[in-house]
Amino acid sequence: MNPTVSNSKNIDESRQGEAFYNTDSEVINHGNLKQFYIESYGCSMNFSDSEIVASILSDCQYRPTRDIESADLVLLNTCSIREKAEDTVRQRLRVIDKMKKRRPGMTVGVLGCMAERLKKTLLEEEKLVDLVVGPDAYRDLPNLLGQVDDGDKGINVLLSRDETYADINPVRLESNGVTAFISIMRGCDNMCSFCVVPFTRGRERSRDPFTIVSEATHLFDNGYREITLLGQNVDSYKWIHPETHETYSFAKLLELVALIHPDLRVRFSTSHPKDMLDDVLYIMARYENICSYIHLPIQSGNSRILSLMNRTYDRAWYEDRIRAIRKIVPDCAISSDIIAGFCTETEEEHQDTLSMISWADYSMSYMFKYSERPGTLAARKYTDDIPEEIKQRRLSEIVAMQSEVSLKNLTRDIGHTFKVLIEGDSKKSNLDFKGRSAQNKMIIFPKQPGLKPGDYVQVLIESATSATLMGRIVPN
Ligand code: SF4
């Protein structure tokens with residue numbers, strides 16, 4: 001999954017300034033509530049977790065604030081996928097340290113994958129930190145905050161085999177009121193040799209599908225028009241009904257959610273080439289509201305490197321999956337994740353990755369240099385032997401190739417009309433709306449009176465860059 005940053009500046013506007021409701025819908029007076037400020041780093045899973053944390057805190061006399069300077073509790077929900085992600089958090093802690101010196105009563109907490117990876121070392125290395133809480137221990141926050149109030153440090157980094165937070169109603173942060181994430185499972189059973197996720201998020205467990213359907217229905221009834229089903233590897237979603245013993249696969253879950261309402265768009269991320277079977281593709285082809293877009297990380301275009309990465313598929317298998325998508329969901333856009341400069345990668349093997357990008361015709365990709373992560377299989381078995389400047393040069397070539405392919409891919413859309421869900425104002429001008437096609441391509445187009453975020457429009461594409469399409473609204 002791809003790293004970004006967000007914070008509680010963008011809380012669900014509809015909840016600003018009103019009294020806060022806890023799960024029992026009892027009104028609580030604002031004034032008595034302490035304030036928390038949360039920053040999320042890393043993948044969409046972390047964003048979604050921050051919304052779970054916000055819900056747990058709102059049930060114990062906290063409310064979110066936009067202003068870190070006035071917060072009683074400052075939380076960083078962290079990522080550990082690359083060294084740089086952790087460095088970013090350490091730099092942020094330097095800034096927060098200055099604030100805390102000015103306001104010693106402020107409580108500082110580190111959540112997420114970096115908390116899980118470093119555990120109590122983080123408390124030893126970062127004296128300003130009062131709380132260290134792993135991704136499976138958020139229910140313990142009220143208790144841990146009590147310990148901090150008593151003058152102790154709070155730490156819980158226990159991983160769980162069954163925690164899915166299925167009964168917790170997320171508080172929508174970063175919300176545009178139109179699109180939302182729903183996590184359908186936690187953890188990962190794959191052991192890709194470069195990846196820390198299995199160590200920081202634990203073993204795979206799938207959430208009860210009926211809680212997912214009710215969360216999605218609740219969102220639709222409250223004006224949301226698109227949900228993204230989240231998991232490290234959604235294709236291995238599997239839930240068995242405790243009484244009927246009926247098995248719910250990802251394809252079955254996708255259909256249940258698609259049947260909620262034809263105006264509710266359904267997306268999902270992240271797929272795994274090894275587990276992505278045709279049944280999911282046939283369900284996508286059957287329901288217009290399941291978006292024609294698949295994020296299918298390849299990581300490398302070379303089979304020897306894929307085996308060192310322990311990705312459990314080779315280039316031929318991956319190509320077969322792409323062909324299956326092209327056959328069963330012909331208008332589907334595909335994106336990927338790519339690592340440059342993995343241990344022992346040769347120039348020829350790097351060329352295989354470049355050729356895969358153009359063959360697969362990805363609409364976009366997340367591209368990174370290999371970053372050795374402590375404790376992973378690769379760190380234990382292989383030497384990180386590709387010099388930094390070669391890693392950088394290979395990454396630049398991959399980025400250049402992808403941007404060339406993306407431009408060709410998006411340019412082919414010129415002259416075509418797409419159904420677009422209006423998400424809000426364009427970043428560049430509030431005379432324009434932004435929204436995405438079912439293929440997850442961002443489209444910018446002039447506003448028209450009477451339209452608002454959450455409406456669907458038909459947009460004729462008139463121009464393209466490698467990242468964005470531009471067009472104008474045309475009649476249905
Ligand atoms: S599938 Fe591999 S890369 Fe993805 S989260 Fe699991 S171990 Fe990490």
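The values are calculated or read from the model by the stated rules, or taken from the named source; none is laboratory data. Note that the coordinates shown come from a computational prediction; the quantities given were computed from them, not determined experimentally. Note that we place each Cβ from the backbone using ideal geometry, even for glycine, and neighbour counts take in every protein chain shown. In case anyone asks, the SASA skips ligands and DNA or RNA and just uses the protein heavy atoms, side chains included. Shrake-Rupley method; radii C 1.70, N 1.55, O 1.52, S 1.80 Å.
Among ILE240, ILE81, ILE184, the sequence by solvent-accessible area, most first, with a 1.4 Å probe is ILE240, ILE81, ILE184.
Between TYR287 and MET191, the contour length at 0.36 nm per residue exceeds the Cα-Cα span by 31.3 nm. Against the criterion of solvent-accessible heavy-atom surface with a 1.4 angstrom probe, LYS252, LYS427 sort, most first, into LYS427, LYS252. Scanning residues 5 or more positions from ALA333 or on other chains, those with amide H under 5 Å from its amide H are TYR293, ILE294, with H placed 1.01 Å from N in the peptide plane. In order along the stretch 328-345, the Karplus-derived 3J(HN,Hα) couplings, from 6.51 cos²θ - 1.76 cosθ + 1.60 at θ = phi - 60°, round to 8, 10, x, 8, 6, 8, 10, 10, 8, 10, 9, 10, 9, x, 5, 2, 6, 5 Hz, and Gly and Pro are given as x.
Please work out whether the stretch 179-409 counts as rounded, prolate or oblate from its C-alpha gyration tensor, where a ≥ b ≥ c are the square roots of the eigenvalues and a/c under 1.5 means rounded, while otherwise a/b larger than b/c means prolate and anything else oblate? Prolate shape, in that a/c is at least 1.5 and a/b is the bigger ratio.
Our Cα-only numbers for the chain put the radius of gyration and Dmax at 22.5, 65 Å. When the Cα centres of the stretch 388-416 and the stretch 252-300 are compared, how far apart do they sit, in Å? Comparing the Cα centres of the stretch 388-416 and the stretch 252-300, I get a distance of 25 Å. Of the trypsin sites (Lys or Arg not before Pro) found in the stretch 320-415, the ones in coil according to DSSP and having at most 16 other Cβ atoms within 10 Å of their Cβ are ARG412. Multiplying the residue separation of TRP317 and LEU277 by 0.36 nm and removing their Cα-Cα distance gives an extension gain of 13.2 nm. Expressed as a fraction of 2.2 N^0.38 Å, the C-alpha radius of gyration for the stretch 79-185 is 1.17. A 1.4 Å probe run over the protein chains yields, for the stretch 151-286, 39 Å² of accessible area per residue, whole-number rounding.
Between the residues VAL129, ASN143, PRO104, the greatest Cα displacement towards the positive end of the dipole of the stretch 98-212, with unit charges on the Cβ of Lys, Arg, Asp and Glu, is found for PRO104.
Exposure check, 1.4 Å probe, all protein chains in place: LYS127 carries approximately 140 Å² of accessible surface. The alpha carbon gyration tensor of the stretch 18-156 gives principal lengths a ≥ b ≥ c with a/c of 1.5 or higher and a/b greater than b/c, which makes the shape prolate. Residue by residue, the stretch 439-456 carries 3J(HN,Hα) couplings of 7, 6, 9, 6, 10, 10, 7, x, 5, 10, x, x, 9, 8, x, x, 8, 9 Hz when phi is fed to the Karplus relation 6.51 cos²θ - 1.76 cosθ + 1.60 (θ = phi - 60°); x denotes Gly or Pro.
Each Lys and Arg contributes +1 and each Asp and Glu -1, all at the Cβ; summed about the Cα centre of the stretch 417-474, the dipole is approximately 60 debye. DSSP beta bridges fully contained in the chain are about 40 percent antiparallel.
Shown for the chain: cysteine residues without a partner Cβ closer than 4.7 Å, namely CYS43, CYS60, CYS79, CYS113, CYS188, CYS291, CYS332, CYS343. Ordering THR244, ILE338, CYS79 by Cα displacement along the dipole of the chain toward the positive end leaves ILE338 in first place; charges were set at the Cβ atoms of Lys, Arg (+1) and Asp, Glu (-1).
What the Kirkwood sum gives for the stretch 417-474 is a hydrodynamic radius of 10.9 Å, with every pair of different alpha carbons counted.
Taking the stretch 449-464 and a reference point 7 angstrom along Cα→Cβ of ASP263, the backbone N atoms nearer than 13 Å belong to 452-457.
When the GluC sites (Glu not before Pro) in the stretch 344-437 are filtered for DSSP coil states and for at most 15 other beta-carbon atoms within 10 Å of their beta-carbon, the remaining sites are GLU372.
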